[in-house]
Amino acid sequence: MAMASTVKLVLGVIAFAVFWVLAVFPAVPFLPIGRTAGSLFGAMMMVLFRVITPEQAYAAVDLQILGLLFGTMVVSVYLERADMFKYLGKLLSWRSKGGKDLLCRICLFSAVASALFTNDTCCVVLTEFVLKIARQNNLPPQPFLIALASSANIGSSATPIGNPQNLVIAVQSGIPFGKFVAGIILAMIVGVVLNCCVLLSMYWKILSIEKDEEDASAEVVAEEEVHSHRFSPATLSHFESPANAEDVGSGFDGLVQQAAPSEGAGTGADLKLSHSTPVDNTTVQFSHSSFERERISNASRDQLGSVAINHERDEGVSSRRSLKTFIQNRANGEDGSPSVLSCSDEKGGFIDKWKAMLWKTCVYLVTLGMVMSLLMGLNMSWTAITAAIALVVLDFKDARPCLEKVSYSLLVFFCGMFITIEGFNKTGVPSTCWDTVEPYARIDKVSGMVTLALVIVVLCNFASNVPTVLLLGSRVAASAASISSSSETKAWLTLAWVSTVAGNLSLLGSAANLIVCEQARRTQAFGYTLSFWTHLKFGVPSTLLVIAVGLPLIRG
């Protein structure tokens, strides 16, 4: 593509530069408006500067990608409601045999979960679980957080729904879901194993903690948990007015005065406490006779407080009420009906439990059906949307609370990015740069594969992975198509593999890395800050090793 006019070229580059700065550094001091607003600002500048027309801007928005993103996010919301990620979190610590075993489990679970539910969702819901497990085992959270983010990135490369850049590649290339998975799955498995080995080699000493130290730490954690839930003294919450409290107090005083006779009274005096209280037409009689004065005087106020006495002196009859029965009557209502769990309540609880289990089963079946439909080659966008609407209908409730959890800001960000990238392509700069590199980046040669991989890694960490895919995708595919059709498929899958794994190079290379870092920092009880240089020390060797070993395993 020829270069555009000088004015159009300069204005287009300025608009793209603004978009890039706000996308990579969303809180810049001179314009802290964030990524989403920054993408819209870049798109607006492309149209105002007449780099592209409004019609071209609307046409640049890929509705298939937006539909696939929306559908998968809704399905993830309902899976979270169905406790899918809670069960995954419990499996992480089930019969764990130490820090190394726990690290391997996190690598495996995060890779599988991200391939099915996107890497960003996996990192959002599993970060706090990882922090808790590390604390319970008296282990530093650093290796486990890095394992979660890096394995999620590697695992997400295996499916078109694993991350946003794969969604773009799957839609633009038209590669069927099953063929996409078959082409990358082997590289993904080997990559997860290599990534885990790098983590183990770097943090072997930290993870080698003796069993007695683990047990001691578990006791400390358990002790802290017990002390954090101390019982408070029981209160009589059923007494709603001060008058009731005074009546009870006067009953206590009267009972103590009667229970402790004067010095002149005989020790063998009979003390009869008769109580008559109607409960469901049944008269309950309490009779206490021949109480010795020493036994009564030594009884505590709490022991005697179970009975409240009201005297009827003119009748000569002592009528007293059981305080326990009084409290029960007040709790059950004025009619004094006993508080007994009826059979209907038990049946209702049983039915509610089975309804919840049935609903969760339906969510899992719908998700499984969506994956099966994708493997059969059905339209990915409409398959995801259909699964999302099916879950909304099965829930049989107002869907607004679940739909509000969808990241609409991400959808808007994609809209602005589509327009901005289309405008930048119109300037001719990307085509000119690719024409310079293309002879050295042909995938039918080893040197060409290495050059292409290095270009993708640099661009992904410089301009993020999704813009890199939008800029290079069609050009890499066109170059490979001149070789063979299988080479074109391999070029798309190579772009998916390298652009995804390249996110592990630095903390800023992937949204999943940033999510783990931010979630870990904000967790109240187990907060931890993952630094840029700490991640970089691991990211450089792991990324280069995983990409180098995985490239020969990509099948077109």
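The rows are residues; the columns are (1) part of a loop (DSSP other than H, G, I, E, B); (2) under 20 Å from residue 167 (Cβ atoms); (3) touching a residue at least 40 places away in the same chain (Cβ under 8 Å); (4) touching a Gly at 6+ places or on another chain (Cβ under 7 Å).
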| position | (1), (2), (3), (4) |
| --- | --- |
| 4 | yes, no, yes, yes |
| 15 | no, no, yes, yes |
| 18 | no, no, no, yes |
| 27 | yes, no, no, no |
| 36 | no, yes, yes, no |
| 43 | no, yes, yes, yes |
| 57 | no, no, yes, no |
| 71 | no, yes, yes, no |
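Conditions (1) part of a loop (DSSP other than H, G, I, E, B); (2) among the hydrophobic types (A, V, I, L, M, F, W, C), marked per residue:
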site	(1), (2)
135	no, no
138	yes, no
143	no, no
162	yes, no
166	no, no
178	no, no
184	no, yes
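Applying the set (1) crowded, with 23+ Cβ neighbours inside 10 Å; (2) closer than 18 Å to residue 546 by Cβ; (3) not aromatic (Phe, Trp, Tyr) to residue 454 leaves exactly one unmet item: (1). Return the residue satisfying two criteria in turn: it lies in the stretch 392-407 and is closer than 12 Å to residue 71 by Cα and open to solvent by 30 Å² or more (accessible area, probe 1.4 Å), and of such residues it is modelled with the lowest pLDDT. Residue satisfying both the conditions and the ranking: 407.
Take the stretch 335-379 and flag every residue that is closer than 21 Å to residue 114 by Cα, at pLDDT below 85 and part of a helix (DSSP H, G or I). Matches in the stretch 335-379: 375 only.
Being of a type outside the set (S, T, N, Q), surrounded by fewer than 16 Cβ atoms within 10 Å (Cβ to Cβ) and within 27 Å of residue 372 (Cα to Cα) is a property that residue 389 has. Scanning the stretch 509-536 for residues that are within 20 Å of residue 166 (Cβ to Cβ) and open to solvent by 50 Å² or more (accessible area, probe 1.4 Å) yields a count of 2.
Within the set 79, 48, the sole residue that is within 21 Å of residue 420 (Cα to Cα) and either open to solvent by 60 Å² or more (accessible area, probe 1.4 Å) or not hydroxyl-bearing (Ser, Thr, Tyr) (or both) turns out to be 48. Could you tell me whether residue 58 is surrounded by fewer than 18 Cβ atoms within 10 Å (Cβ to Cβ) and not charged (D, E, K, R)? When the stated conditions are applied, residue 58 passes them. Considering the stretch 442-451, the residues that are surrounded by 15 or more Cβ atoms within 10 Å (Cβ to Cβ) and at pLDDT 90 or above include one that is nearest to residue 14 (Cα to Cα), namely 451.
Table: residues versus (1) over 20 Å from residue 491 (Cα atoms); (2) modelled with pLDDT under 90; (3) out of contact with any strand residue (DSSP E or B) (no Cβ under 8 Å at 6 or more places or on another chain).
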position: 87; (1), (2), (3): yes, yes, yes
position: 92; (1), (2), (3): yes, yes, yes
position: 97; (1), (2), (3): yes, yes, yes
position: 101; (1), (2), (3): yes, yes, yes
position: 140; (1), (2), (3): yes, yes, yes
position: 159; (1), (2), (3): no, no, yes
position: 164; (1), (2), (3): no, yes, yes
position: 181; (1), (2), (3): no, no, yes
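Of note, residue 121 satisfies the criterion of being assigned to a helix (DSSP H, G or I), closer than 28 Å to residue 393 by Cβ and either at pLDDT 90 or above or open to solvent by 10 Å² or more (accessible area, probe 1.4 Å) (or both).
The values are calculated or read from the model by the stated rules, or taken from the named source; none is laboratory data. Owing to the predicted nature of the structure, the values given are computational and were not obtained by experimental measurement. Cβ: placed from backbone, ideal geometry, glycine included. Neighbour counts: every protein chain shown. All accessible areas refer to the heavy atoms of the entire protein, side chains included, with ligands and DNA or RNA removed. Shrake-Rupley method; radii C 1.70, N 1.55, O 1.52, S 1.80 Å.
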